[in-house]
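To keep things clear, I will list the structure first and then write my remarks on it.
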Amino acid sequence: MVKVGFTRNPKKVFDEIDLVTADMVRQGWAFTEGMIEDGLGYAHLFFERDIDV
């Protein structure tokens, strides 16, 4: 989750989303979908990866 809010600088929000996504991809996760809460509280980023058992 990345905090969005009405008073937060949009560039900082985008930079944080980019940073989180890049970090997850480096760890082997694949971005599948994202959504922003109706009240603009948080952006939720969803990732998945295959796990060998």
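The values are calculated or read from the model by the stated rules, or taken from the named source; none is laboratory data. Note that this is a predicted model, so its numbers are computed, not measured. Here Cβ is always computed from backbone atoms with ideal geometry, including for glycine, and neighbour counts include all displayed protein chains. We work out accessible area using only protein heavy atoms, side chains counted, and drop any ligands, DNA or RNA first. Shrake-Rupley method; radii C 1.70, N 1.55, O 1.52, S 1.80 Å.
Structure above, values below:
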| read-out | value |
| --- | --- |
| In Hz, Karplus ³J(HN,Hα) per residue of region 31-37 (6.51, -1.76, 1.60; θ = phi - 60°; x = Gly, Pro) | 5, 10, 6, x, 8, 10, 4 |
| On Cα atoms only, tilt of 10-26 relative to the major axis of the chain in degrees | 10 degrees |
| Within the accessible area of the chain (1.4 Å probe), percent carbon and sulfur | 57 percent |
| Net charge dipole size for the chain [Lys, Arg +1 and Asp, Glu -1 on Cβ; Debye, nearest 20] | 320 debye |
| P(r) histogram, all alpha-carbon pairs of the chain included - 5 Å bins from 0, percent | 4, 20, 26, 21, 13, 8, 4, 2, 1 |
